Amino acid sequence: MAPGDSVLQILQHGHTVYPIHVASFTLITFDWMLLFSDEVQYVWRKRWQFVDYLYLISRYLPFVDTVLIFAKCFSTEVQPKGCHILEAIGGVSLGSGLLISELVLVWRTYAIWDKSRKVLRGLLATWMALLVSTAYCISADIKSTTYTVPPLHDLPSCNLLSGDRVLYAQFICLLSFELVIIVLTVIRAAEQLQDVRTGQVTRAVYRDSILFFLCLFAFSTATVWIPRDNVLKYDDSLAQLTRNVHSILCCRTILHLRQEATGDLEVL
């Protein structure tokens, strides 16, 4: 491959990938600013429980991811070994964030099933299987990814040379887990909504929960299928965007439940 061809590929990759990373960061920042007053009211000023720690990790870990991503995408001084270290830390952070977001969904589903221990045991067992598969996929992805020095000094240092799409197998497992969550939520909603005594607030909570889960499912599906044959094939930009959407919607799920408990949830 001629140096000019390599430069062209790097520029094409940056033109496609960098806007996705910037949009992902903008999205998570805008949502944080939009809901910060609710966060103060329903999280910071309350007596902290386990779910509050899940909320804070899910909300603020994406900002750590962003620092790593921007260092990898825009720095011109990082050596290939440093790029691989950033890739490893970012992969672990991404996987941890997704798992925590899914744990929030477990907690939410457990709550709407009247804290059924049978449902909780089943969901936790499924979540543990997701944990194992995520750890394997991230480890295999990190081992398969290699970086090389770019042909020009002014180009970003982390020039991706090769990789494996095994990371996207994680999102197939994620899709399966979210399908279980959606089915359980729909079943419970169908049971509750048949009762004429079910209030408008509860109906709104179920509506929002199902919409949230469908949105997460759609993003996970896109992350698996879109990069198969284009410039995103070995890149994690869509994975990071999906991870941020998970963070946003799972944090909103917690805030909605707190609003429902205090009677502050607006019904549209």
*Every residue from region 187-213 that is surrounded by fewer than 14 Cβ atoms within 10 Å (Cβ to Cβ), part of a helix (DSSP H, G or I) and modelled with pLDDT of 65 or more*: Ile187, Ala190, Glu191, Leu193, Leu211
*All positions within region 48-90 that are farther than 18 Å from Ile28 by Cβ, in a helix (DSSP H, G or I) and small (Gly, Ala, Ser)*: Gly82, Ala88
*What is the one condition in (1) under 23 Å from Gln79 (Cβ atoms); (2) at pLDDT 75 or above that Ala135 does not satisfy?*
(1)
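The values are calculated or read from the model by the stated rules, or taken from the named source; none is laboratory data. It should be emphasised that the depicted structure is a prediction, and the values quoted were computed from it without experimental measurement. Cβ atoms come from the backbone with ideal geometry, glycine included; neighbour counts cover every protein chain shown.
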